[in-house]
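Written below as structure tokens is the structure these notes are about.
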Amino acid sequence: MKDEVLRVINLRVYYHTSLGQLKAVDGVTFSINSGERFGLVGESGSGKSTLAFALMRLIKPPGYIEGGEVLLDGLDLVKISDDEIRNVRLAKIALVPQGAMNSLNPVIRIKDQIIDGMVDHVEDIPRNTLEKRVHDLLERVGLKHEVSHKFPHELSGGMKQRVCLAIAISLNPKVIIADEPTSALDVVVQRQVMLTLDQMQKDLGVSVLLVGHDIGLMAQFVDRVGVMYAGKLVEVDSVKEALKEPLHPYTKLLITCPPSLEEKGEFKGIPGLPPLLLNPPSGCVFHPRCPQVMSRCCAEVPILNEISPGRFVACHLYNEVKI
Amino acid sequence: MNTFEKNWKGATAYFRNNPKLIAGVSIILALVLFWLIGSLIVSPARAQPISGLPDQPPSLKYLLGTDSNGRDLLAVIIVGTGLTLRIGFLAGAIGLGIAIALGFLSGYYGGFLDTIIRGVVDVLLTIPALAVLVVIAAMISGVITLNLMIIIVASLSWMLPTRTIRAQVLTMREKAYIPMAKISGMNNIEIIIKELIPNLLPYLAAGFVGATSAAVLATIGLEALGLGPQSLPTLGMTIFWAVSFSAMLRGMWWWWLPPVIIIAALFVGLFLLTAGLDEIANPKLRRVV
Amino acid sequence: MTFVYVLKRFGYFILVVFAAATLIFLLPRLATERNPIVQRMGQTAAAAGVLSEGVQEMQKAWEAKFGLDQPLWKQYLHYIRDLATLEFGYSLAYYPAKVKDQITNALPWTIGLFGTATLISFVFGSLGGALLAWPKAPRFLQYLLPFVLTLSAVPYYLLGLVLLFLFAFTTGIFPLSGGYSIGIVPSLSLPFILDILHHSILPGLAMVLAGIGFWSLQMRGLMVMGLEENYITFAEAKGLKGIRVLFRYAIRNALLPQVTSLAITLGQMISGAILVEVVFGYPGLGTLLLKAVSGFDYNLISGIVFIIILIIAMTTFLLDLIYPLLDPRIIYRRETR
């Protein structure tokens, strides 16, 4: 509770399709502290991107936020009006999108795209203040002043991603959500962008929610990590402890999967496929693929419990220990 | 399931859900039936001049009255619908044929041939078709027969479908259909029938409707200036005669209004067909309306 | 915008004009061996009761320029040279008036009517179409859609006929024909201008009604696709005001293909406009063309047709120049090919 900047309580996002209800995010609870870096990791379809979008209330029909709370600065983002959420976006909570290639308006200059966000939130800023701010922002993300006059198609992928970063910090938000900011980039550019993000976070002290599927990347960047599977949060830990001593069987598998440079051997994967969110398995959602499955797992849904300070896991293996 | 089977199942299932397509087809079918059944009931000979007293308003004997030359207008409308439909569809078919040939050549072989064909199509598209057609038709205005009309009108209806078909051939060439099919053991003919043609079908259908629409539009345009088959009562010529004889001013609504309604129906039908086919090709448009 | 680009588009413009001119030149000469034009000239002139010496002079003048004793290429050169000065010869239907003068009288009417109607239907149609696709737009627009859809299918010409009947003949609100009332002396006074407007409303309306349907339908389709783009999502994530997202992000981008299609359909639209003029007896190129056709006035026909093609080619060229201003990627793409 100390210094908490964002608190998510039992958030549920369902998609209403003609085939039934798709539970993309099914009761997720966690919080992020001020200045903290929180990583949300999971495979494709785990619901992590949906969660990120839900925090900013960007879910469109047929998806709906079915319930839960998202508390930021005393406001419940789920319940406030359309106009209020518009004001909160960018000013208090900002998004760094996944596909920066297509996230910038192709017919407007970079400078104007950085400015319009600011202008729509704060009235009457004199023109030269805006322009100065643009230059400062570009400098901060490591881009030259000339970039401001260009159009998006004149920039490389990495540069575009950094422009999106600049936009995200333009109003000094409390939380930045980075949705797989490097997936579409090659490793060299990935590193540059992550370094920029790193430096920026240190300078501004903003909280970052990094959403991704690359646990190696998480390890290098975040303080705490939350593991998502099939719409549920199965483990929340400090990243060091998650890597040293993963609690949930899924986390264990995630960590051992990536190949290492030292050992050569067979690729290890997690057998099976992620479940169809239309008809999730009964009880623990992971039980069909879990190497440590017990009979209880098929029947009972495990709850996210704090089994030691700051370490949360939703798994019956630990419930038994407690009892 | 190969592409053919997949597409067939998808198409028939979708057909029922596409109101525009159904409406369009219904209207066209209704017009065709009107013509066919009408021809059986009313003798086409009555569409000739001096079949009855001129300038008669509608009565029991002449359901749609007669025009200033004594034609029985009901017969005229029936025959005219058939004529206009024939010109439209035949010209559309010819136009489509040209479009398929040129589109394939251009898309498949590429290179210099493609550049030339594309250049010709683009230049011709810029030139207003009516203008050229007027020039052609004006020269031979005394002797335009039905078939000549069809050819004239077809000659400028093929451009847009050529573009579409060429684009589709290009896309198909790039996609993996053909190598995939070869790998899975199909021979060339099978590939053409089961993979190429089904993928091309929506575009061929759209191309045919497009060429037909362009042809009918051109026909009406030419006939509005009096440049149609002089001795045949096509719908457009009927309107032309009506206007020339000041039918509107003389209050003879039964002369000009029925052909206008039928042509309007034809256009609306063709349009709905096009819109319906568009929705099949582009599923995102289906959601709204 | 690079010089190369302008040059290319200009070259294309010249090409179109040349192609059209050549076509108009060749077609009658392909028809029969005997020169049909001279024959027709004689027929028509005789029918109009013109003195045969005058006609023979004319025929001789024609022969001198285009006579079959001349090699084809020489005829062609004369023809092109004349065209460059917009010299089309004498009008047979209005003899001894020259084609150039007839066209000069009719042209402003056509441009005024066509230009205004196209502008109105494009702007309002596109706006309407964009709003139709915007989820937050007022609902009543959706009800207009089927009505407008149907109207867009019908050619201007037919709509014109119906409008003429409804509003001119039966109710007499608008005049039956003409560009201005008979008996009024043309001047730059307000009553005259109002009179012109009064006469222009129905023909204009015919074109606008049909056009609006077409443009709004197309814009709606483009917007529906455009709203799925990532930059729209990011724009919303930036907390931009709804109006800004609609206009500067969604519409601004959908406008590009919309303007392209304007350039492509110009030819078709002007054809429609010409026919509408015929219905309303509007003193533009349409009515002139009708007269020309019925009088076998080949000079006039080819003159009008050439002017129409010229107008379209010029407008297309202008649009080509405007397009890079709308879409900064155009030059980039062409240069990197």
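Considering only residues that are surrounded by 23 or more Cβ atoms within 10 Å (Cβ to Cβ) and either touching a strand residue (DSSP E or B) at 6+ places or on another chain (Cβ under 6 Å) or modelled with pLDDT under 80 (or both), which ones fall in the range B:140-155?
Those that are surrounded by 23 or more Cβ atoms within 10 Å (Cβ to Cβ) and either touching a strand residue (DSSP E or B) at 6+ places or on another chain (Cβ under 6 Å) or modelled with pLDDT under 80 (or both): none in the range B:140-155.
Take the residues in the range A:128-137 that are away from chain C (no Cβ under 14 Å) and touching a helix residue (DSSP H, G or I) at 6+ places or on another chain (Cβ under 6 Å); name whichever of them is surrounded by the fewest Cβ atoms within 10 Å (Cβ to Cβ).
The residue in question is A:His135.
May I ask you to list the residues in the range A:90-122 that are more than 8 Å from every other protein chain (Cβ to nearest Cβ), part of a helix (DSSP H, G or I) and of a type in the set (D, E, K, R)?
A:Lys111, A:Asp112, listed by residue number.
If I go through the range C:237-247 residue by residue, how many of them are surrounded by 19 or more Cβ atoms within 10 Å (Cβ to Cβ) and within 7 Å of chain A (Cβ to nearest Cβ)?
Result for the range C:237-247: 4.
Taking B:Ala167, is it of a type in the set (A, V, I, L, M) and surrounded by fewer than 18 Cβ atoms within 10 Å (Cβ to Cβ)?
yes
Looking for whichever is touching a Gly at 6+ places or on another chain (Cβ under 8 Å), away from chain C (no Cβ under 14 Å), in contact (Cβ under 8 Å) with a residue 12 or more places away in the chain and under 21 Å from B:Val169 (Cβ atoms) here; the options are B:Leu96, B:Leu102, B:Leu73. Which one fits?
Exactly one residue qualifies, and that residue is B:Leu96.
Among the residues of the range C:132-158, which ones are more than 8 Å from every other protein chain (Cβ to nearest Cβ), without any contact (Cβ under 8 Å) to a residue 60 or more places away in the chain and either small (Gly, Ala, Ser) or buried (at least 19 other Cβ atoms within 10 Å of the Cβ) (or both)?
C:Ala137
With respect to the numbered conditions (1) within 14 Å of chain C (Cβ to nearest Cβ); (2) under 26 Å from A:Arg162 (Cβ atoms), which one is the sole condition not fulfilled by A:Ile85?
That leaves (2) as the condition not met.
Is it the case, given these coordinates, that A:Arg37 is buried (at least 20 other Cβ atoms within 10 Å of the Cβ), charged (D, E, K, R) and within 30 Å of C:Ala250 (Cα to Cα)?
Considered against the rule, which asks whether it is buried (at least 20 other Cβ atoms within 10 Å of the Cβ), charged (D, E, K, R) and within 30 Å of C:Ala250 (Cα to Cα), A:Arg37 comes out as no.
Could you list all residues from the range C:295-310 that are at pLDDT 85 or above and within 7 Å of another protein chain (Cβ to nearest Cβ)?
Result: C:Val305, C:Ile308, C:Ile309.
Would you confirm whether any residue within the range A:254-263 is crowded, with 21+ Cβ neighbours inside 10 Å, among the hydrophobic types (A, V, I, L, M, F, W, C) and at pLDDT below 85?
yes
Which residue out of C:Pro191, C:Pro257 is surrounded by fewer than 17 Cβ atoms within 10 Å (Cβ to Cβ), in contact with a helix residue (DSSP H, G or I) (Cβ under 7 Å, 6 or more places away or on another chain) and either part of a helix (DSSP H, G or I) or within 14 Å of chain A (Cβ to nearest Cβ) (or both)?
Criteria check complete, one pass: C:Pro257.
Say we look at the range C:279-294 and pick out the residues that are surrounded by fewer than 24 Cβ atoms within 10 Å (Cβ to Cβ) and in contact with a helix residue (DSSP H, G or I) (Cβ under 7 Å, 6 or more places away or on another chain); which of these is farthest from the other protein chains (Cβ to nearest Cβ)?
The selected residue is C:Pro283.
For the range B:90-107, how many residues meet the condition of being surrounded by 19 or more Cβ atoms within 10 Å (Cβ to Cβ) and within 23 Å of B:Met237 (Cα to Cα)?
The number of residues fulfilling the criteria is 5.
Which condition breaks for A:Ile125 when tested against (1) assigned to a loop (DSSP other than H, G, I, E, B); (2) surrounded by fewer than 20 Cβ atoms within 10 Å (Cβ to Cβ); (3) at the interface with chain C (Cβ under 8 Å from one of its Cβ atoms)?
The single condition A:Ile125 does not satisfy is (3).
What is the residue count in the range C:209-236 for residues that are hydroxyl-bearing (Ser, Thr, Tyr) and within 14 Å of chain A (Cβ to nearest Cβ)?
2
Within the range B:108-133, how many residues turn out to be exposed (fewer than 15 other Cβ atoms within 10 Å of the Cβ), among the hydroxyl-bearing types (Ser, Thr, Tyr) and either at positive phi or within 14 Å of chain C (Cβ to nearest Cβ) (or both)?
So the count comes out to 1.
Residue pairs, Cβ under 7 Å, 6 or more apart or interchain, first in the range C:98-125 and surrounded by fewer than 16 Cβ atoms within 10 Å (Cβ to Cβ), second at pLDDT below 90. List them.
Every condition considered, the pairs that remain are C:Thr116/C:Gly204; C:Phe124/C:Ile212.
Sort through A:Ala91, A:Ala24 and tell me the only one that's of a type in the set (A, V, I, L, M, F, W, C) and over 23 Å from A:Gly231 (Cα atoms).
Being of a type in the set (A, V, I, L, M, F, W, C) and over 23 Å from A:Gly231 (Cα atoms) holds for just one of A:Ala91, A:Ala24, which is A:Ala91.
Inside the range B:20-75, can you point out the residues that are of a type in the set (Lys, Arg) and part of a loop (DSSP other than H, G, I, E, B)?
B:Lys61, B:Arg71
Can you name every residue in the range A:138-154 that is more than 9 Å from chain C (Cβ to nearest Cβ) and without any contact (Cβ under 8 Å) to a residue 60 or more places away in the chain?
Across the range A:138-154, the qualifying residues are A:Leu138, A:Glu139, A:Val141, A:Gly142, A:Leu143, A:Lys144, A:His145, A:Glu146, A:Val147, A:Ser148, A:His149, A:Lys150.
Kindly provide the set of residues from the range B:223-243 that are touching a residue at least 60 places away in the same chain (Cβ under 8 Å), of a type outside the set (A, V, I, L, M) and within 15 Å of C:Val278 (Cα to Cα), ordered by number.
Hits for the range B:223-243 are B:Gly226, B:Gly236, B:Trp241.
When residues of the range C:272-314 are filtered for being under 19 Å from B:Val243 (Cα atoms), part of a helix (DSSP H, G or I) and in contact with a Pro (Cβ under 7 Å, 6 or more places away or on another chain), how many remain?
Total satisfying the criteria: 4.
Could you grab me the full set of residues in the range A:80-105 that are in contact (Cβ under 8 Å) with a residue 60 or more places away in the chain and either within 10 Å of C:Ala237 (Cα to Cα) or of a type in the set (A, V, I, L, M, F, W, C) (or both)?
Scanning the range A:80-105 gives A:Leu90, A:Ala91, A:Ile93, A:Ala94, A:Leu95, A:Val96, A:Pro97, A:Ala100, A:Met101, A:Leu104.
Does C:Ile243 meet the test of being without any contact (Cβ under 8 Å) to a residue 12 or more places away in the chain and in a helix (DSSP H, G or I)?
Against the criterion (without any contact (Cβ under 8 Å) to a residue 12 or more places away in the chain and in a helix (DSSP H, G or I)), C:Ile243 qualifies.
(1) more than 13 Å from A:Gly231 (Cβ to Cβ); (2) hydroxyl-bearing (Ser, Thr, Tyr); (3) in contact (Cβ under 8 Å) with a residue 24 or more places away in the chain: which one isn't true of A:Ser18, the others all being true?
Failing condition for A:Ser18: (3).
B:Phe245 versus (1) modelled with pLDDT under 85; (2) under 30 Å from B:Leu21 (Cα atoms); (3) away from chain C (no Cβ under 13 Å); (4) over 14 Å from the mean Cα position of the chain (by Cα): which is the lone unmet condition?
(2)
The values are calculated or read from the model by the stated rules, or taken from the named source; none is laboratory data. Note that the structure is a prediction, hence the values are computed from the model and not measured. Note that each Cβ is placed from the backbone with ideal geometry, even for glycine, and that neighbours are counted across all protein chains shown.
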